[in-house]
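Reviewing the structure listed below.
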């Protein structure tokens, strides 16, 4: 049986409680004419203050904190696991949630390409109607003006971080590491997670201020506690190498696992190194292979080559020379010097079903020479070199046995085994 309801007579005035944006509970309890004349015994007495237009019941955020686009999520909603960050208008400081930020970006790009859409306001901020897209110098002017003209709010820390980034990179303003570090410090004390990490990097490398590794670790810990995967990874590196703190492989493993749970590829590579070498944990080649595979899929050349080594030796995986050479070639293309040397050996000797090709071997050796010539010490970023060097486990940096080939151009010999 279908229930019917007698339509009520139209009212001469429409109050906010009966408007389109009223809460669902208010919509279900709209009074009829009879109910208006005869109040229900359990009905709540009307309040003298009218409810806000966009008020939602719990657990929705208040109207002042909701995104102006979707009107449901908080305006500073973010999801780091999905790479989703909130947006902010540099002219008025209005926030937009991470779900709506891509939509605004697409509308701004469409407005730049179509004058009609631009005249209709597609590329403008919904709050202040200022253009969302501006040059770097204009953005710096907007942000500096925003700090002075607008009252204190949650936008302050984000504005300080953005200004610090502009001064650090010289984007829209003259490069000034001291000013950037000062802005990072102010934003970090205001609770901005990215600013905490940036300020820790400035302290660790001495950018515009005195170098202080111990204080840098403290700010890394603050950012890591708030869920920053980069800070968790950097903190793991510090515990692994003993920089600013006492060396502790167990805590390094803990922070690498935290960062790896947020899909940090380099952290997964370091976990593979630790499980393969038995550093701070019992040796487990199967886990090492899984972590290497996840990191290699994420684009880490070191993980690609070490996974090739495991396939070549049958450690943690079934021995597979074809898969070993395939991953070694991917690592060489990605720029791993040891992988280039091994690919030169494979190409020169015609291994794994390949025809001997001396020209290809020379190209791989030349690429290895260029990579080694321009290679910086990347232990801070990609490997736990100091721990692996001290570990009794065998090295994992040789794919094929035998002497390394010699380049006919410069007669330099590259050993197939490199320190980790």
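The values are calculated or read from the model by the stated rules, or taken from the named source; none is laboratory data. If you're wondering where the values come from, they're calculated on a predicted model, not measured in any experiment. For neighbour counting, all protein chains shown are included, and Cβ atoms are generated from backbone atoms with ideal geometry for every residue, glycine included.
Among the residues making up the stretch 94-106, those that are outside any strand (DSSP E or B) and either surrounded by 16 or more Cβ atoms within 10 Å (Cβ to Cβ) or touching a helix residue (DSSP H, G or I) at 6+ places or on another chain (Cβ under 7 Å) (or both) are 94, 97, 98, 99, 100, 101, 104. Check off (1) part of a loop (DSSP other than H, G, I, E, B); (2) over 24 Å from residue 255 (Cα atoms); (3) under 21 Å from the mean Cα position of the chain (by Cα) for residue 191 and give me the number that stays unchecked. Evaluating residue 191 over (1) part of a loop (DSSP other than H, G, I, E, B); (2) over 24 Å from residue 255 (Cα atoms); (3) under 21 Å from the mean Cα position of the chain (by Cα) leaves (2) as the failure. For the stretch 134-162, the set of residues classified as assigned to a loop (DSSP other than H, G, I, E, B), over 18 Å from residue 68 (Cα atoms) and touching a residue at least 12 places away in the same chain (Cβ under 8 Å) consists of 134, 135, 150, listed by residue number. For first residues located in the stretch 245-257 and surrounded by fewer than 17 Cβ atoms within 10 Å (Cβ to Cβ), partners that are modelled with pLDDT under 95 and in a helix (DSSP H, G or I) and lie 6+ apart or on another chain with Cβ distances below 6 Å form the pairs 248/239. Filtered by the rule that a residue be in contact with a strand residue (DSSP E or B) (Cβ under 6 Å, 6 or more places away or on another chain) and assigned to a loop (DSSP other than H, G, I, E, B), the stretch 80-93 gives a lone residue, 86. Scanning the stretch 107-133 for residues that are surrounded by fewer than 13 Cβ atoms within 10 Å (Cβ to Cβ) and assigned to a helix (DSSP H, G or I) yields 113, 115, 116, 119. The criterion of at least 1 residues that are surrounded by 16 or more Cβ atoms within 10 Å (Cβ to Cβ) and either more than 27 Å from the chain's Cα centre (by Cα) or at pLDDT 90 or above (or both) is met by the following helices (runs of 4 or more DSSP H) wholly inside the stretch 290-387: 301-313, 321-334, 337-349, 358-373. Among the residues of the stretch 58-79, just one is touching a strand residue (DSSP E or B) at 6+ places or on another chain (Cβ under 7 Å) and at pLDDT below 80, namely 61.
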